[in-house]
Amino acid sequence: MKIDYIPRYTYEDYVNWEGRWELIDGLPYAMSPLPSINHQQVNGLIHVQLLELLKKCEHCTALLPVDWKIDDDTVVQPDNSVVCKEVTGQYLSDPPCLIFEILSPSTAYKDKNIKYQIYEAQGVKYYVLIDILNQTAIGYHLVDDHYKPF
């Protein structure tokens, strides 16, 4: 199928969809099935740790999945993120400084490749991928506009 024939969507379309979705360059990505229990437990533990580490910081906020509207064609929902400025409104409009994504079979390619490129281009300072199945994590630090593993 020619790429010209693939329908493109905008944030205006996105907000009217039922269920959980991400919108990347005008293309919808279903966020289903819902994350596994193990995924949710790990995500919860990361969030609890972030809350504890940030409780004395007046400027930083730890967030569970929330829309980050990058532009009218791209809206993503990181598993966990940290924003180091005041958070207002229905969605994030500025890049978080730290993002955690927990890999699942249905999202691993997107998290390792597509979102990696988006987060790097948007200036997310730290990006951490958690692989529950292999019990590993890899973190990236933005250096000179490119991610370097740490």
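The values are calculated or read from the model by the stated rules, or taken from the named source; none is laboratory data. Everything numeric here is computed off the predicted structure, so don't read it as measured data. So basically every Cβ, Gly included, is an ideal-geometry build from the backbone, and we count neighbours across all protein chains shown. For the accessible areas, the whole protein counts, side chains as well, though only heavy atoms, and no ligand, DNA or RNA atoms are used. Shrake-Rupley method; radii C 1.70, N 1.55, O 1.52, S 1.80 Å.
Could you sort H146, H141, H59 by accessible area so the largest value comes first, with the probe set to 1.4 Å? Before the final figure, lay out the partial values.
Values: H146 100, H141 55, H59 125 Å².
My answer, sorted largest first, is H59, H146, H141.
Residue by residue, segment 60-77 carries 3J(HN,Hα) couplings of 9, 10, 8, 10, 7, x, 8, 5, 10, 7, 7, 7, 5, 10, 9, 9, 10, 10 Hz when phi is fed to the Karplus relation 6.51 cos²θ - 1.76 cosθ + 1.60 (θ = phi - 60°); x denotes Gly or Pro.
Inter-label distance, A30 to N16: 2.1 nm, where each label sits 7 Å from its Cα along the C-beta direction. Solvent-accessible surface (1.4 Å probe) assigned to Y5 amounts to roughly 150 Å². Label separation (D144 vs V48): 4.1 nm, computed from points 7 Å beyond Cα along the C-beta direction. Taking 26 Å as the limit for the C-alpha separation, the pairs K56/K125; K56/K115; K85/K148; K69/K112 exceed it in the case of K56/K115. Remark: segment 100-107, residue by residue, has Karplus-estimated 3J(HN,Hα) of 10, 10, 9, 6, 9, x, 7, 10 Hz, where x stands for each Gly or Pro and the curve is 6.51 cos²θ - 1.76 cosθ + 1.60 at θ = phi - 60°.
Tell me the per residue accessible area of segment 1-117 using a 1.4 Å probe; a whole number in Å² is fine. Working shown, then result.
On the way: 7250 Å² over 117 residues.
Per-residue value: 62 Å².
Multiplying the residue separation of L64 and V87 by 0.36 nm and removing their Cα-Cα distance gives an extension gain of 7.0 nm. For the chain, the residue among Q117, L129, S32 whose Cα projects farthest onto the positive side of the dipole built from Cβ charges is L129. Close amide H contacts of A137 (hydrogens built in the peptide plane, cut-off under 5 Å, sequence separation of 5 or more or a different chain): D131. Ligands, DNA and RNA aside, S106 has an accessible area near 80 Å² when probed at 1.4 Å.
Our helix-only sum for the chain, with -39,500 (n - 2.57) per DSSP H run of n ≥ 4 divided by its residues, gives a mean residue ellipticity at 222 nm of -6000 deg cm²/dmol.
Between D71 and K55, the modelled label-to-label distance comes to 4.1 nm, taking each label 7 Å out from Cα in the direction of the beta carbon.
For segment 24-34, the Karplus equation 6.51 cos²θ - 1.76 cosθ + 1.60, evaluated at θ = phi - 60°, returns couplings of 10, 6, x, 9, x, 10, 5, 9, 9, x, 4 Hz by residue, with Gly and Pro reported as x.
Heavy atoms only, probe 1.4 Å: what % of the accessible area of segment 1-142 goes to carbon and sulfur, would you let me know? Don't skip to the answer; put the middle values down first.
Values: 4580 of 8560 Å².
On segment 1-142, the fraction of accessible area on carbon and sulfur atoms equals 54 percent.
Of the residues Y91, G19, S106, the one whose Cα sits farthest toward the positive end of the charge dipole of the chain, with +1 on the Cβ of Lys and Arg and -1 on the Cβ of Asp and Glu, is S106.
Less than 5 angstrom separates the built amide H of W21 from those of M31, all sequence-distant by 5 or more or on a different chain.
Relative to one another, the C-alpha centroids of segment 1-61 and segment 79-150 are positioned 11 Å apart.
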